Amino acid sequence: MALFAVVQAAFLLTLLSFRTYQSEVLSEPLPWTPESLEVSINSAQQCLYLQWRVHNLTHHQELKMVFQIEISRIETSNVIWVENYSIPVTWNQVLHWSWESKLPLECVTHFVRIRSLVADASIPEPRFWSNWSSWEEVDAQKSLGQDPLFVFPKDKLVEEGSNVTICYVSRSPESNISCAMEDVPIHGKRLSPNVSVFILNDVRFIRETGTNIYCLNPSNMSGIILYVSKVLEEPKDFSCETQDLKSLNCTWDPGHDTTLRHQSSQRYTLFESFSGKTKLCEHKKWCHWQVAPDSQETYNLTLTAENQLRRRSVSILFNLTHRVHPMKPFNVFLKSISATNATMTWKVHPVGNYSTLLCQVALHGEGKVIQQHNVSVKVKSQYFLSELEPVTEYVTRVRCAAANHFWKWSEWIGQTFTTLEAAPSEAPDVWRNVKSVLGSHIVTLFWRPLSKSHAHGKILFYNVVIENLDKPSSVKLLSIPAPANGTELTLDQCSYQIHVTANNSVGTSPASIIVISRDPGNKNVEEGRIQGTEDGFSLSWKPQSGDVIGYVVDWYPQDPRCQLQWKNLDPNTTSTVIRSDAFRPGIRYNFRIYEISTERIAYLLEKKTGYAQELAPSENPQVAVSNLTSHSFSLSWKDYSTDSQSSFIQGYHVYLKPKEEQCHPGFEKVVLSDDSVCCQYKIDNPEQKTFVVENLQPESFYEFLVTPYTSVGEGPHDAFTKVTIPDEYSHVLIRIILPMIFCLLLLMVLCYLTSQWMKEKCYPDIPDPYKSSVLSLIKYKENHHPTIMNVNDCVPDAIEVVNKLEGSKIQFLGARKSLTEMEFTKPAYLYLLPTENYSGPGPCICFENFTYNQAASDSGSCGHVPVLLKTPPSQLALLTSPENLLKTLEQNYVNSSGGSPAGETSLNYVSQLASHMSGDKDSLPTNPPGPALCSEYRTQMAVSLGLASPSPSENSSLSSVTLLDQGEPRR
Amino acid sequence: MKVLAAGVVPLLLVLHWKHGAGSPLPITPVNATCVTRHPCHSNLMNQIKNQLVQLNSSANALFILYYTAQGEPFPNNLDKLCSPNVTDFPPFHANGTEKARLVELYRIIAYLGASLGNITRDQKILNPNALSLHSKLNATADIMRGLLSNVLCRLCSKYHVGHVEVAYGPDTSGKDVFQKKKLGCQLLGKYKQVIAVLAQAF
C-alpha cells in the first residue's frame, strides 16, 4: 500500500514537472510568428487580401509553415471562416492570401487574425501554434460617400444559375426601404438597423446590359447592375486540319456566348504541348496555327476557353498528314461537247509531297446525281463523260481529298453545260378520226408532241406523207410547222397510207404509219353504256380477228370543242382502264375501241358512252303548252337533248299540283322536298317528249312541272308553270262573236263610204282658198306674200249696221243688254281699220263664195257680212284704234254665237270695193275708194289677229266678221 | 483624367485649337487683345438664339430617350433618379448684362458639353444597342460645339473676352454602372431645365 502511495506521488510529481515545462514553452513567443499583418479590400472581386511576414528566419532558411486564418463578421466572436494555409516560407518573404466573401464586404465589418505553425521536417516535434495576431478590423463602410443609401455589390459578374447575396446600407436606420430586381420585389433579412441582406438564388440571364437591382426609400434610390453571364461551355467539335501542310486551321463550336457589355468577353488560346507554343486566338470559332518548318508530324493541341469566371479546355492529338483537307479544284472546263459525250478537265492545288489526290466527279441532271466517278489526280486531270442525253443541261462537279489518308473532301466546284441536238429517236404517236362525207373521207390526224427525251431538240415541223395505195405513184407531202398537233385531210374513196414524222434541226424521227382503208369498216356497232369510277373507265372487248398489232381506245367528251384522246394498247390486251385528270363529273364521254390490223388499218370494235360520275340534272326542259281546251292541254319539250345532259336521262316526271284531294288517273301523289304534295306522272321513255294532261276542270287553274329523272336524281323542283283552263263555251262564243263583230265593222265602213259619197254629191266641202291653184298664179306678181288679201293694200272695210227698229231684240249673252236700247238714226259704219291713215294701195283679190250668203250673193256684193254689234255709237271712235276694235269685235263675236235670228238685226260687211258694186252709196263712208286693182273678197268667217282672242271655227256661226289685219294676213 | 481625355479635351481641342488648349481659361483682362481666327458672323446673336431654341426643342426628347434606354427603375422613378440635383452647375442670371449672360452661357455650355461627352461615352458601352439615343446625344453635342464657338466669337468680337474659366461636372469614369446611369439622367434633367431658361433669356 505504501509502495503504491510512493509510486503515485512520484508519477504526480513527474506529471507536474512536465506541465510546468510545457506552460513555460507556450508562454514564450515562437521565433516564426506572422507579423505585420495587413488586410485590404478589393470591392470589385469582393475579396479580402492579407499580407504578412515571418521574421526571425535566417538567410537562405526555408521553412514549411502552416498559417491559420480566422475571419469574423460583425463581431470578433462571430467567426465565419477558418482556413489553414500551408506554404514554404523564406527569409524576408511577404506572404499573401485572399478570401472571397459571399456577402459584400461593404455590408458589415469583418475581422481577421492569423497564427502560424512550423510544419517543416527539419524542426523536431512537438510543434505548437503560435499566438494569434491581434484582430484586424475591416470596415469598408467608412470609405463610402455621403449618399443616404447604398446597394452592394457594384457591377458584380456571376454565372447564370448561381446564388448572389446583395445588401443595402442606409445612413440612417430606416424600416421602409424596399428593394426590387427588374421591377420584381425582393425580400431580405435585416442584419442591423442600417443593413439588410438579400439572397438571390439561381439568377437568370436577362440581357447583355445587365440586370437592374435597386432599393428605395421615400426620398432616395440607389441601385446596382448585376451582370449575369451564360455559363462558359467546353468547346465542342474541336478539330484541326491543313490544306497545304503549312498551316493548321482549327475550328470549334464555342457554345453559348458569355460576352456581356461592360465585361470582357471569353478568350480562346491554343497550346501545343510538344513545341510548348501558345497562341491567343483572335476569333471565337477558329484559329490558325502555323506549322513548324521542322517537319513536326504529330501535334497535341489544347484549346482553352476562359472568361472571368471559368476556364475550360479540350485537347486533340493528331498526325498532320492525316488531317489534309485539300482546297477545291480549279480551272474546271468542258470540251468536246456533243449530243451524248463531253470531256471535263480540272486542276488541283498541290499538297506538299502528298500530291496524289483522289477526286470525285459527279454528273447532275434534273436535280439528281446521274453519274459519279473517282479519279486519282496528281496536278491536272480530265474525265470523259458519256451516255448523255441530247439537248440536256447537266451540271458536272468535282471535289478532291487526300488519297493516302482520307480526311475530308474539298468543296465542290462545278460547271454547267448543255449537250447538242440529235435527230428525234421515236416516231410520233399518231391517231386519226375518219368521217365519210359525200363520197370522200375527211381524215383528222392527231399526234402527241414527242417527249423531251425523244425529241432530242426543238421539233420544228411535222412531215405528213400521204401515199395512195391504189395508185402507188401518187404521193403527197405536207409539212406542218410545230407546235401543231394535228391536221385535217380530205381523201377520196381510195386506200391511203399516211406517214407522219417529226423533224428538228438535226434530222427526222422514225415514221408513224396509219392506213385509211376505202372500206369504212363496221358502221353498225351499237353504242353501249359504261359507268366510270374514281379510277377511271374500265373497258373490255372481245378480239374479232387474231391477227392484230394492237388496239387503240379513243375517247372524246360530248363537248365538240374538246379534242380526241387515245390510248395505244398491246395486241394481247383485251381490257384497260382509261384514266385522265381531264375527266369531269357530269360530262359524257364517248369511247371507241379499235383493233389495228397488220396492215395498220383500224377497225372499230365497240362504242361505249358514259360518265365519270353522273350528276343530277341541273335544268328542266323548256316545256311548251299547246292544245289548251277546257279539259286538257298538251305539254311538249322536243328541244330537250337527252345526250348533252349530266347523266343518262331515264325518263321524265310530270308534276301537277292538284286542285282536289285526288290526283288524276295515271298520276300518283308524292311529297316533294319542300313538303308540298303533288301529283306525279312518270314517263319511262326518255325520247317521249310530249304529254297530254287530261280530265281537267274548266275555268280552273293548274300548275305543272316537267323534270327529267336519272339514276342519281331528278331535276330541280323550281318554278311550276301556270295554266288557266278556259270554260267550256268560250270557244263557242268566240266562234259567234268574232264573225258578228266583223260584219258590224264591215257595215259601218259601208255606211261611212255611202255617207261620203252622198256628201260629195249633195253638199261638197267649201274649197280652201289657201289650197287653191289660183295662189300659184299670183306668185309672179309683186306681192311678196301669197295672201288672199292684205289689209295694207286695201281700202278698209266697214261694217254696216242695219238697224231694224221693228223691235227686234237681240239678247246679248255677255252684256245682258238688248240692242234695242241703242238708238241709231242712220246706218253706222264701223271702220275695222282707220281709213285716214290708209296710204299705199295694193292689190287685192276677192273670192266669191256662193254658199256663204245668198242675200249678199244676190245683191252682187262680195263684202256684206252680217255682224252683230253691241258697241254704242259713242264708242265708235274708240274702235278706230286697232286694239279697241279687236276687243270689241271679240266681244261681239262671242255674243253673236248666241244666235240671234238672222234678218232681225243684220250687220253687213261692206268692203270698199263691194260698196261700189252694191250701189249702196249712201251708206258708204266718205273715205276715198280703194285702188282699182283691189280684188273683192268675201269670206264667211271672222279672222282673229292672231292675238289671245279665240278663233271661231268656220262652221260655228252663221254670222261672221272679216277682220283684216294691217300686218301679216292670217286666216 | 479619363473624363478629360474622352470628353473635355476633344471638345476644347476643337474649340481652341492652339497651344495650351485644355487648361482652365481665365477671363481675359478687359484691355487685353482678343483676336478671332475667322470674322464672326454679323448675325451672331440670332444664331445663338436659334441654337438655344433648337437645343431647347430637342432637350425633352433626349431626356425621354435616355431614361427609357436605362430600363427600370428609371422611367418610373424620375424624381429620385433623374432630379436635376447637379452640384457645381454653373449659375446663370437672366437679368445680367449681355456680356455677363454670355460668359455664364459659355460656362454652362462648356459644362454641359463635357458632361454630354461623358454620357455619350458611357452609353455606348452600357447600352450599345440604343442607337437613337447615341444619335441624339451626338446631335446635341454638335449643336453645343457650334453654340460654344458662336458665344466665344461674340465675347471676343464685342467684349474682347478671349478666355473664360470653366468648370466641369463630376467624372463618372470611376463610378459604378448604376451611378453612371443616374448621373447621366440627372445631368440631362438639369440640361432640359436650364436650356429652357437660356432659350428664354436670349
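Bear in mind these aren't lab numbers, they're just calculated from the coordinates by the rules spelled out. Everything numeric here is computed off the predicted structure, so don't read it as measured data. Virtual Cβ from ideal backbone geometry, glycine too; neighbours counted across all protein chains shown.
Assorted remarks:
- Its alpha carbons give the range B:43-201 an Rg and a Dmax of 15.6, 49 Å.
- For A:218-229, mean number of other protein chain Cβ atoms within 10 Å: 4
- Gyration tensor (Cα) of the range A:239-323, equivalent ellipsoid semi-axes in angstrom: 26, 12, 10
- Column: log10 I(q)/I(0), Debye, Cα scatterers of the range B:101-158, q = 0.15, 0.22, 0.25, 0.27 Å⁻¹: -0.48, -0.79, -0.92, -1.00
- Local net charge near B:Asn56, Cβ-Cβ under 15 Å (Lys/Arg +1, Asp/Glu -1): +4
- The value obtained for the range A:330-418, namely the Cα convex hull volume divided by the number of residues, is 81 Å³ per residue.
- Extent of the range A:390-479 along its three principal axes (Cα atoms, max minus min coordinate, largest first): 84, 25, 20 Å.
- A simple rule links phi to the HN-Hα coupling: the Karplus curve 6.51 cos²θ - 1.76 cosθ + 1.60 with θ = phi - 60°, which for the range A:702-716 gives 10, 10, 9, 8, 10, 9, x, 10, 10, 6, 10, x, 10, x, x Hz, with x for Gly and Pro.
- Cα-centred dipole magnitude for the range B:59-187, charges only on beta-carbon of K, R (+1) and D, E (-1), debye, nearest 20: 220
- Counting Lys and Arg as +1 and Asp and Glu as -1 over every other residue whose Cβ lies under 12 Å from the Cβ of B:Phe92, the net charge comes to +2.
- Average beta-carbon neighbours from other chains, 10 Å sphere, peptide A:175-184: 1
- Size-normalised alpha-carbon gyration radius of the range A:188-329, reference 2.2 N^0.38 Å: 1.55
- The equivalent ellipsoid of the range A:46-157 has semi-axes of 34, 14, 12 Å, largest first, where each one is the square root of 5 times an eigenvalue of the Cα gyration tensor.
- The range B:121-202 - convex hull of the alpha-carbon atoms, volume per residue in Å³: 109
- Cα Rg, Dmax, the range A:340-499, angstrom units: 26.4, 90
- Around A:Ile734: net Lys/Arg minus Asp/Glu count, Cβ-Cβ under 13 Å: -1
- If the convex hull is drawn through the Cα atoms of the range A:146-229, its volume per residue in Å³: 85
- The range A:624-728: C-alpha pair distances exceeding 22 Å, %: 29
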